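Each value in this text was obtained by applying a stated rule to the coordinates, not by laboratory testing. Remember, predicted model here, so these are calculated numbers, not experimental data. Neighbour counts run over all protein chains shown; Cβ positions are idealised from the backbone, glycine included.
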Amino acid sequence: MPTDDITGLVRRMAETIASARGLEVFQVEYKPGGQLLRVFLDRPSGQVGLDDCSAVSGQLSAQLDEQDLIPHAYRLEVSSPGLDRPLRDEDDFIRFRGEFAKLALAQPVNGVSSLRGRIGECRNGMLRLETDGGEPLWMPFSQIRSARLDPAPPPPGPGSKAKKKR
């Protein structure tokens, strides 16, 4: 069975199980070469806990064994996308407005191919990013090659009262 078919079927099974726990499926990855199946869970109202992952993993594993979708040995991993989660589309940027993100750009802007800043408004296919330099920058979503949340605090800027090491 093609990888895309397996990924789609696993996603549908995982979504049924996850939704019963107030969770959603963030992403499904199937790596036939490495014989690895990963399911990433998310919760719109907060973080995903170890109990959530364990419960979904147990139920999904039982269903996968029953359906025998993957005819060879594989490893199932169920987890959350993490604090540095990928931002996949405009809805993710809207959801995490006010958070910091790192962006890799499809083409350099002002000579740089990556940016870091606070996620601002999203409208008409455009993102406002409040960059570390303090300048708000509007860019089309099509200019963003990849993006991730950046949970690390921003580096101290000019005029900040950072503590010095002694």
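The helix-only estimate of mean residue ellipticity at 222 nm for the chain, built from DSSP H runs of length n ≥ 4 each weighted as -39500 (n - 2.57), is -8000 deg cm²/dmol after division by the residue total.
A straight chain from D4 to E66 at 0.36 nm per residue would run longer than the Cα-Cα distance by 20.3 nm. Using the basic label-point model (7 angstrom from Cα toward the beta carbon), what is the T16 to S45 distance in nanometres? Once both label points are built, they end up 2.5 nm from each other. In the chain, taking the dipole from charged Cβ atoms about the Cα centre, the farthest positive-side position among G134, L87, A14 is held by G134.
Please give the charge dipole size of the chain, origin at the Cα centre, charges +1 on K and R Cβ atoms and -1 on D and E Cβ atoms. Round to the nearest 20 debye.
Approximately 1180 debye in magnitude.
Taking the Cβ of G117 as the centre, find all other residues whose Cβ is under 14 Å away and add up their charges (Lys, Arg: +1; Asp, Glu: -1). Summing Lys/Arg as +1 and Asp/Glu as -1 gives 0. This model, with +1 at the C-beta of Lys and Arg and -1 at the C-beta of Asp and Glu, gives segment 19-94 a dipole about its Cα centre of some 220 debye. Local charge for G22 was computed over the other residues whose Cβ lies under 14 Å away, with Lys and Arg +1 and Asp and Glu -1, and equals -3.
About its Cα centre, segment 90-149 has a charge dipole of approximately 120 debye under the convention of +1 per Lys or Arg Cβ and -1 per Asp or Glu Cβ, with nothing else charged.
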